[in-house]
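Participant: So that we are looking at the same thing, I have put the structure below in structure tokens.
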Amino acid sequence: MRFFDASCRLGRPAAFGEGMPWQTDEILEIMARCHIDGALAYHIVAREGETQDGNELLLREIAQIPQLQPQWCALPATYDEFLHADALRDAMKENGVRTLRIAPKSFAHSARPYAMKELMGFAAECRVPVFFDYGEAPCDELYEICHDYPDVSFVITNTAYALNRWLGPVLDACGNLYLGTGNYVPHRGLETFCKYYAADRLVFNTNLPTGSATAAVSLVCFADISKEEKELIAHGNIERLLGEVRL
Amino acid sequence: MDFRELVYGQKPFEGVFVFDVHGHIGFEQGSQLGPNDGESMVHTMDRMGVDGICVSFSPGIRGAWKRGNDQTKDTCKRLPGRVFGYAVPNPFHAECDLTPYFEEDLGFRGVKIHGNIQGETPENDPRYAHAFELANRLKLPVLFHAWMPYEVDRAADVASRYPDLNVIIGHGGLTFARDRAVAACKRYDNVFCDTAISSAPDGSIEWLVDKVGVEKVLYGSDMSFFDCIHTLGKLALAKLSDTDKEKILGLNAKKIFDL
Amino acid sequence: MNWEQYIFEGKPFEGIYIFDVHGHVGAHKPFQLGGYDADSVAKTCRRMNVDGVVVSSLPALASDWKWGNEEVAASVDAYPGLIWGYASPNPFYEDCDITPYLDLPGFVGVKIHGDMQGSTPVNDPRYFPTYEVANERGLPVLFHAWLSAEVRAAADVARRYPNTKIILGHSGMTARDTALEVARTCDNIFIDTAISSTYDNAIEVLVDKVGADRVVYGSDICFFDCIHTMGKIALARISDTDKEKIFGLNARGLFSL
Amino acid sequence: MRFIDARCQLGRRCVIRENEPVTKAEILELMDRCRIERAVAYHAIAKEGDVKAGNMELLKDTEGDSRFLRQWVALPHTFGEFMSVEELLKGMKENSVSSIRMFPKTHGYSLKPYALGKFMDAMAEHKIPVFMTYNELASEDALYAMLTDYPKVNFIISDVSYREERKLFPILEHCPNFHIGTGNYVVHGGVKTMCEYFGAERMIFDTGLPTGSAAAAVSLICFAEISEEEKTLIASGNLERMLSEVEL
Amino acid sequence: MLRFIDARCMLGERCIIREGDPNTKEAILELMDRCHIEKAIVYHAMARESELPAGNMALIGETAGDDRFIRQWCALPSYFGEYMSAEDFFDAMKQHHVTSMRLLPKTCGYSLRPHSIGKLMDLAAQCHMPVFIDLGTELTTDESYDLCKMYPEVDLVFGNSGYRENRRLGPILEQCPNFYLGTGNYVAHCGIKLFCEYYGAERLIFDTGLPTGSATAAVSLIGYAEISDEEKALIAHGNIERLLGEVRL
């Protein structure tokens, strides 16, 4: 069973618990140990500080690492603070970037259409998958974001275990929501998900370094679901999503 | 006198002295209360057989202290013998002085402290000292808004430093700070509790009486913030002897208020 | 033992004794659990070759203590030898006495969750009668130890009742350093591994700081799943003997099974 | 005057304080003392622990007891949890359960149509009243949204704080399906003003036993400055009418 | 020399004061002279802090015959006869030459939705009267978008924005022509310059937030801004004069 990590983080954190494997080589060691062949990685500087510089720093850091592919953080281009749609398309095309990560709450901008129309319009047009942590648009905001941009494929990560009563209705109502399995740990979580929805809406990720990769792979390997479903989750679905990108 | 029949028969509390130690008049900025002027209060008091009430002017706590106390003075003048006043100090205005309100009988019978609304000033803050000295000299009751445990402790601290004034712990006897209120009542004999609260389970007044003794519990309703009929009904239907109910309703208040 | 080979073929571990010290039955009000009744807990344990799990009832901690403990008793009866029981007291009820439950076969310890019971500190005198019973019988007591205040309160109980075996649930997640330091000073304190999401190398840090003998496998099953915690321990960079101690040998001694 | 209480919790709850009523006997004693004839009751375990099991415990606790009208706590059917709407209606019919109580904040689910549309349509179709306490709603805007999203469902909101008047009156004016539980409606002259402006039909007597005070609730109606007919409507008339309209 | 009109000033005795603050009308007038602030739109401390009805009336008394103060009343949707109805409120404003109104949804606990303040806002739209409200203390920036969209014909002046809100303000300014921003504590680095560059100086209104805000800081913020003199004049007094000029009571 081979895995492809849809979302992990590189870069020196401001604070971390003792033993956290944040250095890139430590991450690569764990990936090898967990049979993870490749990963989409975003940079902490882009996520916590200056978005454009962080994205460029990421490209430089993973230039010599074939397993790692870039995932850019993005926000609306208010006051020309970030690239506008066409400039973003060219930059992504040039650097082989095929996914974006947004963080409306942390970046203090509104997720509603009046603020994100341009960015989400670009993502819909080029079929670029958009990632965000569940904490960035929890509860009813998750429905609103999936409903406001029906043609954008959203992948939520860092979900933990307390969201099923909020997640279920949105999965029913919106076909464009995918779930990162990183720490989706409700009891028999993947088994119930596949029973009521379908395995093709689950995308394996680890949330390294804050999340545990060994736990993430065990979640899929030991899940009470069929082999084909495990393959789809492990790498099939993300490969399909990345295949659809038209830059 | 069977208090329970009063409730069933929907009859006012006649034949028993009822004095409300915790009242408010005036506009409430944060939310619309029912009628909150002196006259409408007396209308409800007549309906329910309440003989008197001691009030403070809410906007005076939140805003201009002198205008607040003057409003209370006017209301007491218009409704003598039924509406009495608490003078309210302000910790920020150095020129604040309550003595003129007590030089002659203008209806003022005590002092009201609400540190929480006034910039969360601690209730035993030195800037309130002038009001405590006045109350101590004239042996007046001082009603504290004391909802939180630390507010109850501060009120008790004032009672310990000014033995001649009587401290009334507002709300504290029935909120989750009630253990602190019980400790204060037991430790100092000039500390009392009132029954003013919007919602407390049945049996909570009986618990308070059992812990601090009936002499320490005074009827207070927080009227015009909310109605008094539910607190009166709760007292009437409580599992207490009639003599206990009469003490709570007014006899205790008579001892510490100059009525 | 080639742990990797088991995991990546999705095969449960064979030939080692696995005992889960931190399990639950019963629903939890704020969010939906997967299967939370005894049958689904047993089904997962059997599927994953787990030899035994000690469960407490979530409703006993957050709702009706008697109804919850009855629920545990029913689960223990339904799966003798697989599901064992923790009894849980409630500090607010004077008539609350869990000794009848501790006398039942299959009940092997006490679970305390002060946070769910009106955030009462675990060293509150109202819990002392329960600790006296646990101290007499030398029973393990599993604490919910998430914050440093909870860890220190649990340590206080460990000092007062040296004959009990205190297990710090969630290894003091946000207060791990306090938990590790406390575990070093008292020899009747153990750490469990029940954490929903912590980074890799966390297991290595536990073993490095307090030694594998004081770490026990706990999964918080049915609150969330157990398969990711098992994988995390299996793929941790610690010796096989340490893994076997954590998975079940320590627990066997603790619960004298 | 006959009182029927619209909100009473049976069963052992987690946190209690000394002297608070807990057992059914203590609750019945208070009901007798306050001359409350019957009470709509839900179970503590259904709120604090396992919803389905709590509803079953309620059936056991109220077996052959005419003083209590059964009320179930409901949850959405996400991921197959709780019962489907059809199973719920069947269960209510078989066990003569006539109303539903919901705890959206405590149990953590959305009230928006995308999540509860099907459930609320069934409530409207069968004219089942839905009971909730005000603190289970995020804000008055959330209350207004719920009332306007489901105009044909009767909502009874109790434990309305006296501080919320300016937010509630416009909603009362615009949403006829909004009813107030009077248990803790302690605004000075509140019941009287409500009758004047919106009519006594909008108010349902409840106590919130055992944590709410039955004596206070009863006095709020007995001593209110309103007519005898209005008092009886509030004390029992409105609730009886609403429960009689339920079609299961 | 640049002359200013302050769009956000509070008169009257306040409960919480600090020594040295401009706590009296004279102290405020002195500061206005020192900062070349010709006139100030004022509302009363009592209307905001403790007793709205009395505060609005006290303002009339304290500003009688004083042309340096432009009167502003705090609005309250009235139910159960608590305060004047919307129609009476506007008649009284006409009678007392009050030319703008302020909303206090959080302080006075009422909803901003049409079902609550719809009548008041319709009348404000009819009279072309600008409506003032503070960000931060009374509503969030995200909610200000909803307010602008709910009442598109009413000019809304949002004060107390602070320096953190640029990413939220940008899209709203693009989509809501009736959104005006008070400059009092809009101290983002190059904030005024960028705003004029992207959204035009016509939508910036000079205000100070006296007595709790600093007038000297507010005037310097405009005086030293890297913008043309015409833009400075518009912000300092031009825009507010236009808004108040349109009022037809």
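Participant: Working only within the range C:174-192, note down all residues that are within 11 Å of chain A (Cβ to nearest Cβ) and either closer than 17 Å to C:ALA236 by Cα or acidic (Asp, Glu) (or both).
Facilitator: Scanning the range C:174-192 gives a single hit, C:ASP177.
Participant: Please find, among D:VAL73, D:VAL40, D:VAL51, D:VAL15, the residue that is surrounded by fewer than 18 Cβ atoms within 10 Å (Cβ to Cβ) and of a type in the set (A, V, I, L, M).
Facilitator: D:VAL15
Participant: With respect to C:SER171, is the statement that it is touching a residue at least 12 places away in the same chain (Cβ under 8 Å), within 14 Å of another protein chain (Cβ to nearest Cβ), surrounded by 23 or more Cβ atoms within 10 Å (Cβ to Cβ) and of a type in the set (Ser, Thr, Tyr) true?
Facilitator: For C:SER171, the condition - touching a residue at least 12 places away in the same chain (Cβ under 8 Å), within 14 Å of another protein chain (Cβ to nearest Cβ), surrounded by 23 or more Cβ atoms within 10 Å (Cβ to Cβ) and of a type in the set (Ser, Thr, Tyr) - is met.
Participant: Look through the range D:191-208, keep the residues that are under 19 Å from the mean Cα position of the chain (by Cα) and among the β-branched types (Val, Ile, Thr), and return whichever of them is surrounded by the fewest Cβ atoms within 10 Å (Cβ to Cβ).
Facilitator: Out of the qualifying residues, it is D:VAL191.
Participant: Another question, then. Take the residues in the range A:1-40 that are of a type in the set (Asp, Glu) and not in a helix (DSSP H, G or I), then tell me which one is surrounded by the fewest Cβ atoms within 10 Å (Cβ to Cβ).
Facilitator: Only one residue fits best here, namely A:GLU18.
Participant: Being touching a strand residue (DSSP E or B) at 6+ places or on another chain (Cβ under 8 Å) and within 13 Å of E:GLY209 (Cβ to Cβ) is the filter; apply it to the range E:12-31 and report the residue that is surrounded by the most Cβ atoms within 10 Å (Cβ to Cβ).
Facilitator: Step by step, filter the range E:12-31, then rank; the result is E:ILE28.
Participant: Working only within the range D:203-238, note down all residues that are away from every other protein chain (no Cβ under 12 Å), in contact with a Lys or Arg (Cβ under 8 Å, 6 or more places away or on another chain) and charged (D, E, K, R).
Facilitator: Result: D:ASP206, single match.
Participant: Okay, next question. With respect to D:LEU168, determine if the residue is under 21 Å from D:ARG2 (Cα atoms) and outside any loop (DSSP other than H, G, I, E, B).
Facilitator: No.
Participant: Moving to a separate point now. When you scan the range B:114-139, how many residues do you find that are in contact (Cβ under 8 Å) with a residue 40 or more places away in the chain, in contact with a strand residue (DSSP E or B) (Cβ under 6 Å, 6 or more places away or on another chain) and outside any helix (DSSP H, G or I)?
Facilitator: Of the residues in that region, 1 qualify.
Participant: Being more than 14 Å from chain B (Cβ to nearest Cβ) and farther than 21 Å from B:GLU95 by Cβ narrows it down to one of E:ILE37, E:ILE28, so name that one.
Facilitator: Working: E:ILE28 fails: farther than 21 Å from B:GLU95 by Cβ.
Answer to the check: E:ILE37.
Participant: Then there's this: Hey, any hits in the range A:174-185 for a residue that's assigned to a helix (DSSP H, G or I), in contact with a Phe, Trp or Tyr (Cβ under 6 Å, 6 or more places away or on another chain) and within 13 Å of chain C (Cβ to nearest Cβ)?
Facilitator: No; the residues of the range A:174-185 include none that is assigned to a helix (DSSP H, G or I), in contact with a Phe, Trp or Tyr (Cβ under 6 Å, 6 or more places away or on another chain) and within 13 Å of chain C (Cβ to nearest Cβ).
Participant: Taking only pairs six or more apart or across chains, which ones have beta-carbon atoms under 9 Å, a first residue in the range B:1-19 that is among the basic types (Lys, Arg), and a second residue that is surrounded by 15 or more Cβ atoms within 10 Å (Cβ to Cβ)?
Facilitator: Listed by first residue and then by second, the contacts come to B:ARG4/B:ALA236; B:ARG4/B:LEU237; B:ARG4/D:ARG33; B:LYS11/B:GLY49.
Participant: Can you pull out the residues in the range C:26-55 that are part of a loop (DSSP other than H, G, I, E, B) and more than 10 Å from chain D (Cβ to nearest Cβ)?
Facilitator: Within the range C:26-55, C:GLY35, C:MET48, C:ASN49, C:VAL50, C:ASP51 meet the criteria.
Yes/no matrix, rows are residues, columns are (1) basic (Lys, Arg); (2) in a helix (DSSP H, G or I); (3) more than 14 Å from chain D (Cβ to nearest Cβ):
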position	(1), (2), (3)
B:PRO163	no, no, yes
B:VAL167	no, no, yes
B:GLY172	no, no, yes
B:THR175	no, no, no
B:ASP189	no, no, yes
B:ALA196	no, no, no
B:PRO201	no, no, no
B:GLU206	no, yes, no
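Participant: Conditions: (1) touching a helix residue (DSSP H, G or I) at 6+ places or on another chain (Cβ under 9 Å); (2) farther than 18 Å from A:ALA85 by Cβ; (3) acidic (Asp, Glu). A:GLU191 meets all but one. Number of the miss?
Facilitator: Among (1) touching a helix residue (DSSP H, G or I) at 6+ places or on another chain (Cβ under 9 Å); (2) farther than 18 Å from A:ALA85 by Cβ; (3) acidic (Asp, Glu), the lone unmet condition for A:GLU191 is (1).
Participant: Just checking, how many residues over the range B:37-54 are surrounded by 24 or more Cβ atoms within 10 Å (Cβ to Cβ) and either in a loop (DSSP other than H, G, I, E, B) or among the charged types (D, E, K, R) (or both)?
Facilitator: 1
Participant: Identify, from the list E:LEU104, E:LEU173, E:LEU135, E:LEU169, the residue that is within 14 Å of the chain's Cα centre (by Cα) and within 14 Å of chain A (Cβ to nearest Cβ).
Facilitator: Exactly one residue qualifies, and that residue is E:LEU135.
Participant: Please find, within the range B:21-40, the residue that is farthest from the other protein chains (Cβ to nearest Cβ) out of those that are out of contact with any Asp or Glu (no Cβ under 9 Å at 6 or more places or on another chain) and under 20 Å from B:GLY107 (Cα atoms).
Facilitator: B:GLU39
Participant: So, restricting to helices (runs of 4 or more DSSP H) that lie completely within the range E:181-234, which ones have at least 2 residues that are surrounded by fewer than 16 Cβ atoms within 10 Å (Cβ to Cβ) and aliphatic (A, V, I, L, M)?
Facilitator: Output list is empty.
Participant: Within the range C:56-64, does at least one residue satisfy the condition of being touching a residue at least 12 places away in the same chain (Cβ under 8 Å), more than 18 Å from C:TYR17 (Cβ to Cβ) and more than 12 Å from every other protein chain (Cβ to nearest Cβ)?
Facilitator: Within the range C:56-64, one or more residues are touching a residue at least 12 places away in the same chain (Cβ under 8 Å), more than 18 Å from C:TYR17 (Cβ to Cβ) and more than 12 Å from every other protein chain (Cβ to nearest Cβ).
Participant: To continue, here is another question. Name the residues in the range C:209-236 that are at pLDDT below 90 and basic (Lys, Arg), would you?
Facilitator: C:LYS209, C:LYS232
Participant: Can you list the helices (runs of 4 or more DSSP H) found entirely within the range D:204-248 that contain at least 3 residues being under 23 Å from B:LEU237 (Cβ atoms)?
Facilitator: D:214-222, D:228-232
Participant: Next up: Sort through C:GLY106, C:GLY118 and tell me the only one that's within 14 Å of chain D (Cβ to nearest Cβ) and surrounded by fewer than 19 Cβ atoms within 10 Å (Cβ to Cβ). Reasoning before the result, please.
Facilitator: Details: C:GLY106 fails: within 14 Å of chain D (Cβ to nearest Cβ).
From the options C:GLY106, C:GLY118, the qualifying one is C:GLY118.
Participant: For the range D:161-171, state whether one or more residues are facing another protein chain (nearest Cβ under 7 Å), of a type in the set (S, T, N, Q) and at negative phi.
Facilitator: no
Participant: Okay, moving on. Taking D:VAL153 as the residue in question, decide whether it is more than 29 Å from D:LEU28 (Cβ to Cβ) and either of a type in the set (Lys, Arg) or surrounded by 21 or more Cβ atoms within 10 Å (Cβ to Cβ) (or both).
Facilitator: Working: more than 29 Å from D:LEU28 (Cβ to Cβ): yes; either of a type in the set (Lys, Arg) or surrounded by 21 or more Cβ atoms within 10 Å (Cβ to Cβ) (or both): yes.
Considered against the rule, which asks whether it is more than 29 Å from D:LEU28 (Cβ to Cβ) and either of a type in the set (Lys, Arg) or surrounded by 21 or more Cβ atoms within 10 Å (Cβ to Cβ) (or both), D:VAL153 comes out as yes.
Participant: Still on this structure: Name the pairs: first residue in the range A:173-185 and touching a residue at least 60 places away in the same chain (Cβ under 8 Å), second residue surrounded by fewer than 22 Cβ atoms within 10 Å (Cβ to Cβ) and assigned to a loop (DSSP other than H, G, I, E, B), Cβ to Cβ under 7 Å, at least 6 apart or on different chains?
Facilitator: That search, which allows pairs on different chains as well, returns A:GLY182/A:ASN158.
Participant: Name the residue, out of A:ALA123, A:ALA137, that is away from every other protein chain (no Cβ under 14 Å) and within 16 Å of the chain's Cα centre (by Cα).
Facilitator: A:ALA123
Participant: If you don't mind, there's one more thing I want to ask. Output the residues belonging to the range C:1-24 that are away from chain A (no Cβ under 11 Å) and either within 20 Å of C:GLY85 (Cα to Cα) or under 18 Å from the mean Cα position of the chain (by Cα) (or both).
Facilitator: Selection gives C:TYR17, C:ILE18, C:PHE19, C:ASP20, C:VAL21, C:HIS22.
The values are calculated or read from the model by the stated rules, or taken from the named source; none is laboratory data. Here the structure is a predicted model, which is why all the values come from computation and not from measurement. Because the Cβ atoms are built from the backbone with ideal geometry, glycine has one as well, and the counts that use them run over all protein chains shown.
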